[in-house]
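Inspection log for the structure reproduced underneath, given as structure tokens.
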Amino acid sequence: MPPSPSPSSDPSADSVRRRAVLAKLPRISRLDGSAIRVLLVDDEATLTNLVSLALSYEGWLVDVAHTGQAALQSYRDNRPDVVILDIMLPDTDGLSVLRHLRSAGSTTPTLFLTARDSVDDRIIGLTVGGDDYMTKPFSLEELVARLRGLLRRAVQAVPDEQVALVVGNLTLDETSYQVRRGETDIMLTTTEFDLLRFFMRNPMRVLSRAQILDEVWNYDFAGRASIVDLYVSYLRKKIDAERTPMLHTVRGVGYMLRPAE
């Protein structure tokens, strides 16, 4: 397998400013104050060494796996707070690794870091449950910033003034990251949680696929709205299963969340 591109080296003034900004940001830790744990999966030792060093400056603990099987074992042993996952691995592919984790109930935020850079690759990565996607070569500063964003979304360390969103009998708690419909707890991935939160902040309002893409994914998929349709179907299976539907399709426009009648 040819070596993967390495992180980019940018000595420009912009890079210096980015480093200065990151250095001033408050450190992120688990709610109990212990260090964030990262699972880094890539078969290139030079890359894993560089990324591990950068993340250690954040005060995070990094477990490295060079194969898919090692990644699954490390995940079971260490229960990381966030996963960085290459797609091209020697024994399997990162897509299969994440499918396995998601099928086992994992909601751990996962960022794909890979040389595969087409729009289709991005869509596939997000479709199998990825929460973010970066291509090589990449900026270490941007990687750290994106990981911090994923962790804030997952941990909800800084609650809004209104902690709980309520639409009908559906409740979303932005502090505890819990979702309930009636008396039933609902487990969501980070992206599913963000999508539902967007709907619940805009009840009885039709949201277009473009609005949802911009709010939840912040990617330009060149009109490829299929990722939105897929994740709405995921949400429906979890919040509407064997219940009166709350998520509704408005043909030709988008989707709407409204209380069950």
Relative packing of peptides 135-144, 236-245, 33-42 - highest average C-beta neighbours within 10 Å first: 33-42, 135-144, 236-245
Residues with amide H under 5 Å from that of residue 85, placed H, sequence gap 5 or more: 41, 111, 112, 113
Under the Karplus curve 6.51 cos²θ - 1.76 cosθ + 1.60, θ = phi - 60°, whole-Hz ³J(HN,Hα) for the range 58-72, x wherever Gly or Pro sits: 7, x, 8, 9, 10, 9, 10, 10, 9, 9, x, 5, 5, 5, 5
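Read-outs: derived from the displayed coordinates by stated rules, not from any lab. As the structure is a prediction and not an experimental result, all values here were calculated from the model. Reconstructed Cβ throughout: ideal geometry from the backbone, glycine too, with neighbour counts over all protein chains shown.
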